[in-house]
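To keep things clear, I will list the structure first and then write my remarks on it.
The values are calculated or read from the model by the stated rules, or taken from the named source; none is laboratory data. Every value quoted in this text rests on a predicted model; they were computed, and no experiment measured them. Because the Cβ atoms are built from the backbone with ideal geometry, glycine has one as well, and the counts that use them run over all protein chains shown.
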Amino acid sequence: MNKKRRTLLLLVVMAVAAMILSGCTLPQGEVDLNNPSGLWNTLVYLVAKLLIALNRAIASIGIPYSWGWAIIIFTIAIKIVTLPLTLKQLQSTKAQQELQPRLRELQEKYGKDRQKLSEEQMKLYKESGINPLGGCLPLLIQMPVLFALYQALYILANPSVNELTNARFFWIPDLSYPSLEVGTSWIGASFTEGNWAKLITYFSLPVVMLITQLLLQKMSQPRKDPKGGAADPQTRMMSQMMLFMPIMFGYITLGLPSGLTLYWTVSNILGMIQQYFITGWGGLADWFAFLRKPEPAGAVAMTAASPAATIEPERQVKRRKRRK
């Protein structure tokens, strides 16, 4: 798949996400969880029922903030169910990272001929059995679940269901806030009123989500060339797009229920753990020097000893001449 098609695919994904998260497809009016209409509503209502069951089970054993923990347990369950697909994607990501030296060689060889470079890169990917779009897979996998959870949270806050309203989780007063009607308007209103406590409270979780998403995306990318070589155009384009998307979604979450942002944040943290055990820190080492692996001690010792090893034979030659 060439550069233009990959860019178009990512833009389509973002456009669909923005449309769905804007509430265009939310069920309106009174909601009956036992009477869904259509396949999609069946999935959404199923998610809502699962969350209700989890909440009641957690609350029954006296654990506080039961709704927040229900969302976290739901997130962990989704991660377990999608683990085989995630592992396959992570292995593909690791293979792409290992392929970077050969991609840089192609860049140096065909740098001026963009069409030939693209053909050779695609050929290399095909020979290696690697899908260049593998890095997008985690986002694509979780999108349907994310949309279903998004609608389920609004349904749970619907007056006809009235399950999630005023559900507190630690410092978050209401996991159903902001509502669809409020959106991001609460930000301007809070500034006008000088309600800094509310701003800090409901900004905190989206900020954490944004940071964890950026870290996760950076971990999925290969490290930069230690020799300072430039990345190939396709890799550079994908890196820019994958870093732009978390920023866009970070802004969107300011107008979404806090429960959805909690799901997203926990999903990111679990994704980072999975990523580390398969591919290590990846491109995150470019941002944080302490994550970079030190040079092997043996290599340093050999480098340090090499001048002496060169000088010693010369000394031996001089000694032999003197003896003669």
Candidate set: region 121-146, residues that are surrounded by fewer than 18 Cβ atoms within 10 Å (Cβ to Cβ) and at pLDDT 70 or above; chosen: the one farthest from residue 107 (Cα to Cα):
144
Is it the case, given these coordinates, that residue 193 is in the same structural domain as residue 69 (by TED's automatic domain parsing) and either farther than 27 Å from residue 77 by Cβ or at pLDDT 90 or above (or both)?
yes
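Every residue, every condition in (1) touching a residue at least 60 places away in the same chain (Cβ under 8 Å); (2) farther than 19 Å from residue 144 by Cβ; (3) β-branched (Val, Ile, Thr), yes or no:
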residue	(1), (2), (3)
38	no, no, no
42	no, no, yes
50	no, no, no
53	no, yes, no
57	no, yes, no
60	no, yes, no
64	no, yes, no
68	yes, yes, no
Residue ranges of helices (runs of 4 or more DSSP H) in region 52-127 with at least 1 members within 21 Å of residue 270 (Cα to Cα) and in the same structural domain as residue 173 (by TED's automatic domain parsing)
66-81, 83-98
Within region 160-197, restricting to residues that are free of Cβ contacts under 8 Å to residues at least 12 places away in the same chain and part of a loop (DSSP other than H, G, I, E, B), the one that is surrounded by the most Cβ atoms within 10 Å (Cβ to Cβ) is 165
